[in-house]
1. Which of the aspartates and glutamates could a cross-linker bridge to residue 266, judged by Cα under 15 Å and excluding same-chain residues fewer than eight apart?
2. Quick check: at a probe of 1.4 Å, how many percent of the accessible area of the range 396-457 sits on carbon and sulfur atoms?
3. Any idea of the accessible area per residue across the chain, 1.4 Å probe, to the nearest Å²?
4. Note down the relative contact order for the range 118-199 as a percent, whole number, built from C-alpha pairs under 8 angstrom at least six residues apart.
5. Using a Förster distance of 45 Å, how high is the FRET efficiency between residue 159 and residue 76, based on the Cβ-Cβ distance and rounded to 0.05?
6. Rule-of-thumb check for the range 82-215: C-alpha Rg over 2.2 N^0.38 Å?
7. How many nm separate the modelled label positions at residue 172 and residue 192, each set 7 Å beyond the Cα in the direction of the Cβ?
8. Could you calculate the contour length gain from residue 355 to residue 89, that is, 0.36 nm times the residue separation minus the distance between their Cα atoms, to one decimal place in nm?
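The values are calculated or read from the model by the stated rules, or taken from the named source; none is laboratory data. Just so it is clear, the structure is predicted and the values come from calculations on it, not from any experiment. Cβ atoms come from the backbone with ideal geometry, glycine included; neighbour counts cover every protein chain shown. For accessibility, only protein heavy atoms count, side chains too; no ligands or nucleic acids. Shrake-Rupley method; radii C 1.70, N 1.55, O 1.52, S 1.80 Å.
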Amino acid sequence: MAQCRLIIPWPAYRANGIRLPPARPRRFCPPATGTFSHSHPAARAFSTTAHRRIMDTTGFTDTQLDVRAAVSQICAPFSNTYWQEHDETQTDPADFHAALAAGGWLGIALPESLGGSGLGISEATIMMQTIAESGAGMAGAQAVHGNVYATQPLARFGSPAQRESVIPRVVKGEWRVCFGVTEPNAGLDTLRLRTVARKVKTERGDMYRITGQKIWITCAQVARKMMLLARTTPVEDVKKPSEGLSLFCIDLDRTKPGLEMRRIKKMGGRAVDANEVFFDDYEIPADTLVGEEDKGFKIILHGMNAERCLLAGEALGLGYAALARAAAYARERVVFGRPIGMNQAIAHPLADAYMRLEGAKLATYHAARLFDASKADTSITPHALGVACNSAKYMAAEAAFAACERAVLTHGGMGYAAEFDVERWFRECLVPRIAPVSREMILNYIGEKVLELPRSY
């Protein structure tokens, strides 16, 4: 039987000298191998969460392992049935978000002075992996992804008033945040975005009026705040296209004129909304500007490598969940008088998927460690960090896709049934291959920056 150990109350417990999120003391008992959870009241046959963890955790820090154990406990009551139902009804997992907020986890990588934990991207990445791996998949991860990632530029570049008024309420779960960058006519060519912010004087003081359109904005339906990137100086009036863009932390006030949202019907992760957002002279106060005017692109660049690490962790969690489910099915499913896992045509693709995930895991946490260390270690160049983070995101996305596809095929016809979950994870595994940057653009980046090949675009 697995040995239980006490998760000591935080913040009294300090791992590596860093304060962890507050939580009540509790005893953590790893489940027996191969067991399943039926803790959610709606649980039924074939719709439960496999708790057998197949990832090798050698080399992780005590802090990372404690994060993994504690977040696993928060995720445990939210069975796969919960996520199936929310996917089917396209219902936001508000109670899941609230549970993570109650444990202090939404502020895992935010400063302690603002209610966060002061931990790094290494710990945030394993938190996001654990969420996805619990069975929540990309939907569960994306429900909190924006609160972890989108607040980073605000924490570093925002004014004291902005930080103190917004971040503590995000950490407590009172407000949710979305990120407004992508546009339908620009795509990955962010420097060519067309949303504009015009500064005007009004009776209410200096304001900006926003006009334009954003697309694929996750959680906009439930968000109180949006981190918005808009052009404040026309591209023809700046020396470089990267100039003239500004970042704002704005209210999404549905009662004001000039704001419209349309939910996008999508293939996977349907529990979490994705949207087109339209601005038509939508008015925002001038003090919503984050950092300097026209310097917004440099500000969001700061967070891009961090987001690649987080998304890589989410992809890993999805892949490990699917692979564990496939291996369990292959051990138990008997055809022609023996388990199908005895057949090399089943076993070898699953073994290959495991090694791909393990390789991607090493790349992901190497990149996360570099990101955290780069704040103090000047020998870590932006080039080295960019290569590591982009490589990790690519490898994790590809490994997750392979694992999810093979999980469906291992189940045969039952892989097509929603109650076995692998079809849901397969639908969701395309997200890390596409967002926030496509695999083809990462290959372009490595070809140009590492192999010094001519730029193709």
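1. Answer for residue 266, where 15 Å is the Cα cut-off: 87, 88, 92, 276, 423, 428, listed by chain and number.
2. Details: 1870 of 3000 Å².
Carbon-and-sulfur percentage of accessible area, whole number: 62.
3. Values: 20090 Å² over 457 residues.
Dividing the accessible area of the chain by its residue count gives 44 Å².
4. Values: 44 pairs, mean separation 15.1, N = 82.
Result for the range 118-199 is 18 percent.
5. Numbers: r = 40 Å, r/R0 = 0.88.
Here the calculated transfer efficiency is 0.70.
6. Details: Rg = 17.2 Å, N = 134, 2.2 N^0.38 = 14.1 Å.
Against the compact-globule rule of thumb, the ratio is 1.22.
7. 4.5 nm
8. Working: separation 266, 0.36 × 266 = 95.76 nm, distance 3.54 nm.
Contour length minus Cα-Cα distance gives 92.2 nm.
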